[in-house]
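The values are calculated or read from the model by the stated rules, or taken from the named source; none is laboratory data. The structure displayed is predicted, hence computed values, not measured ones. No Cβ is skipped: glycine too gets one built from the backbone with ideal geometry, and neighbour counts run over all protein chains shown.
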Amino acid sequence: MSRSLTNGLVTLVVGPGILTHEYAHYAACRLHGVGVHERPSIGVFEDSVLVHDPVERFGADLSIAVAPTVLNSTLAFLAALLAHAAVPGGPVWLWLAVVFGFTSFPSHTDTATLFSTSKSLPRWLRPVGYLVAAPIRAVTASTFVAGLLVFAWTAVVVLTARGAVPG
């Protein structure tokens, strides 16, 4: 199967999560004053990537990289709450919970500059930057490892929400 056809099928299944993932990057860029070249959109037959100006500060770079984890995990939890509560559309909410969970981790490209921007930190704080960047880069370096972790993370979020619903 061609790469563009695969991207098209994946986009159909997890499109809402992809869009919120990219908008999380967009919001973090705006928050830190990083220029963005265009608003996020879903590329049905190609990868969806937010194109922004280079980031030179570690704090901004880290924030932009992990923003989808914060936003999509929150959305996954809220959708899972609705799926487990007695509200209409339970299966749709559960699908959205899984979609947001599966698209919550940053990609390898999202974390590519964390080590280089660690150099922007004061000399005494750089080791902390490297200690923060290392596990994030390690997780995103392997699609297999990232896939296993995002699956586990999604399960934790959905099951935690289930436990939060009385009944």
Filtering helices (runs of 4 or more DSSP H) wholly in the stretch 77-167 for at least 3 residues that are exposed (fewer than 13 other Cβ atoms within 10 Å of the Cβ) and at pLDDT 90 or above gives 126-141, 143-164
Pairing a residue in the stretch 54-74 that is touching a residue at least 12 places away in the same chain (Cβ under 8 Å) and farther than 30 Å from W93 by Cβ with any residue that is among the hydroxyl-bearing types (S, T, Y) and assigned to a helix (DSSP H, G or I), where Cβ atoms lie under 6 Å and the two sit 6 or more apart in sequence or on different chains, gives F58/T117; F58/S118; D61/T117
For this session: Determine, yes or no, whether V128 is at negative phi and in contact with a helix residue (DSSP H, G or I) (Cβ under 6 Å, 6 or more places away or on another chain).
Result: no
How many residues of the stretch 1-53 are over 20 Å from T74 (Cβ atoms) and at pLDDT 90 or above? The answer is 3
